[in-house]
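Remarks on the structure that follows.
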Amino acid sequence: MPRPAKRGRADADKEFRVDPTEEDEEDDEEEPVADDDDDEEALREKQREVDAKNGFALWGDVQRDKTKSPKGPLAFLQGNNTLGDWTPESRSLPKEIVNAYHEIGHPIKRCTTSRGYVRALMKICVECNVPFPKPGKGYTTRTWIAMLLIWCAPMRKGGRRRLQLERAAFFSYQLLKVSEKAALALAPPKPGACELCSTTAIKQLFKHFPGADEIIWGDYFKVTRVGDTFHITVLKKKTLHRDHLELSLLFRGWVCNNCNARKLHKLDSLSSDDYKVFGRRVYVNCTTFI
C-alpha cells in the first residue's frame, strides 16, 4: 500500500498525497501501449508492436512447453483443432469453454451477441484446423493471432497449412474488430479522469485514510469527500481510451494508457484465480450496459 505524505500541519489530518506509481511496482515488465500525446494512428502502430512482441514471447513459451516431459500447458497451441466433436452446427457450446469465459468476466452466459462472438472464433478454429485459444491461460486473443503469423512465417507460401494459419489469423482479427466496434459504441460520455484510477483513489480514501477529506493522486487529480459522495478535480488532463473485454459487448470504462496497457492487459490474460486476486487488488469494477 502506498505511504501517504502529509501536506502541511494545518490540514495534516484532512489531506493526503498518494503516489499511484507505487501501486504498479509489480507491473514494470508491461510497457504502455502509447504515450498520452500520441494520436490514434500512433496508438495503433504501438499496439501492433506490442502484439508482435507478445506473439514472439508466446511462441517461445509454446516451444519450451513442447520440450518438457510431460508437456507444458501451452504446448497444445501448436497443433490441430482442439475442440473435439464440436462443430459449427452444434446447438450449444462446450461447458468447459463457457465456464472458462465466465471465469474471466465475459458475459457469455447472459449476452447472446457476446456468446456469438465466441462461437464465431470456435468456428474459425475448426474450419482452419488450429487449436482454440482458451481464455485465462496467460495470453490474449490478439497475442494468439500474432503467434499464428509467427508460426506460419517459415512455411512455404501458398502451402495448405500456411494458408490455414493465415486464414485463422485474418478472420480472428476481423472478428475482434467487429466485437470491439460494437462494444465501444456502448460507451457513456467521457469522464474527466481515468475511471480505474478514480476508483482506486476513492478506495484508498475510504478504506485506508478514513480521516482524510482529500487525496491528491500523483499530479493527476484530487478526490474530495463531499458528504457520502466524492468529487474528482482533474489537475493534469490525460488522454482516455475506451476499454472493452475481447469478444464481447462488455464496455469496462474510460481508462488511461497505463491502466489499459498494464492492469487490464493482465486481467485479460491471467488465469481465473489470479484474475480474482488481481481484480480485488486494483479494485476493478467492470460495468456492462448490455
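The values are calculated or read from the model by the stated rules, or taken from the named source; none is laboratory data. Nothing here was measured: the structure is a model prediction, and the numbers come from that model. Cβ: placed from backbone, ideal geometry, glycine included. Neighbour counts: every protein chain shown. The area values use the complete protein model at the heavy-atom level, side chains included, leaving out ligands, DNA and RNA. Shrake-Rupley method; radii C 1.70, N 1.55, O 1.52, S 1.80 Å.
Restricting attention to the range 214-235, does a residue exist that is among the hydroxyl-bearing types (Ser, Thr, Tyr) and closer than 30 Å to Arg119 by Cα? The answer is no, given that none of the residues of the range 214-235 is among the hydroxyl-bearing types (Ser, Thr, Tyr) and closer than 30 Å to Arg119 by Cα. Residues in the range 121-146 that are within 17 Å of the chain's Cα centre (by Cα) and aromatic (Phe, Trp, Tyr): Tyr139, Trp144. Which ones in the range 69-95 are of a type in the set (A, V, I, L, M, F, W, C) and either open to solvent by 50 Å² or more (accessible area, probe 1.4 Å) or more than 18 Å from Ile124 (Cβ to Cβ) (or both)? Passing the criteria: Leu74, Ala75, Phe76. Among the residues of the range 47-68, those that are surrounded by fewer than 17 Cβ atoms within 10 Å (Cβ to Cβ) and part of a helix (DSSP H, G or I) comprise Gln47, Arg48, Glu49, Ala52, Lys53, Phe56, Ala57, Gly60, Gln63, Arg64, Lys66, Thr67. For first residues located in the range 155-175 and over 14 Å from Cys125 (Cβ atoms), partners that are among the aliphatic types (A, V, I, L, M) and not in a helix (DSSP H, G or I) and lie 6+ apart or on another chain with Cβ distances below 7 Å form the pairs Arg161/Met155; Arg162/Met155. The residue that is nearest to Lys134 (Cα to Cα), counting only those in the range 219-257 that are open to solvent by 20 Å² or more (accessible area, probe 1.4 Å) and touching a His at 6+ places or on another chain (Cβ under 9 Å), is Glu246. Every test in (1) out of contact with any strand residue (DSSP E or B) (no Cβ under 8 Å at 6 or more places or on another chain); (2) at pLDDT 90 or above is passed by Ala183 save one, and that test is (1). Of the residues making up the range 190-218, just one is loosely packed, with under 13 Cβ neighbours inside 10 Å, without any contact (Cβ under 8 Å) to a residue 40 or more places away in the chain and either over 24 Å from Arg252 (Cβ atoms) or under 25 Å from the mean Cα position of the chain (by Cα) (or both), namely Pro210. Each residue in the range 65-99 was checked for being farther than 22 Å from Arg161 by Cβ and of a type outside the set (Gly, Ala, Ser), and 13 pass.
Residues that are under 20 Å from the mean Cα position of the chain (by Cα) and among the β-branched types (Val, Ile, Thr) within the range 52-66 are absent altogether.
Within the range 201-257, being touching a helix residue (DSSP H, G or I) at 6+ places or on another chain (Cβ under 6 Å) and among the basic types (Lys, Arg) holds for one residue alone: Arg242. One residue alone among Val118, Val98 is open to solvent by less than 30 Å² (accessible area, probe 1.4 Å), without any contact (Cβ under 8 Å) to a residue 24 or more places away in the chain and under 19 Å from the mean Cα position of the chain (by Cα), and that residue is Val98.
Scanning the range 129-143 for residues that are touching a Leu at 6+ places or on another chain (Cβ under 7 Å) and within 11 Å of Leu165 (Cα to Cα) yields a total of 2. Within the range 130-156, if we keep just the residues that are open to solvent by 50 Å² or more (accessible area, probe 1.4 Å), at pLDDT 95 or above and part of a loop (DSSP other than H, G, I, E, B), the residue that is farthest from Lys177 (Cα to Cα) turns out to be Arg156.
Please specify each residue of the range 104-129 satisfying the condition of being under 18 Å from Phe251 (Cα atoms) and part of a helix (DSSP H, G or I). Within the range 104-129, Thr112, Thr113, Ser114, Arg115, Gly116, Tyr117, Val118 meet the criteria.
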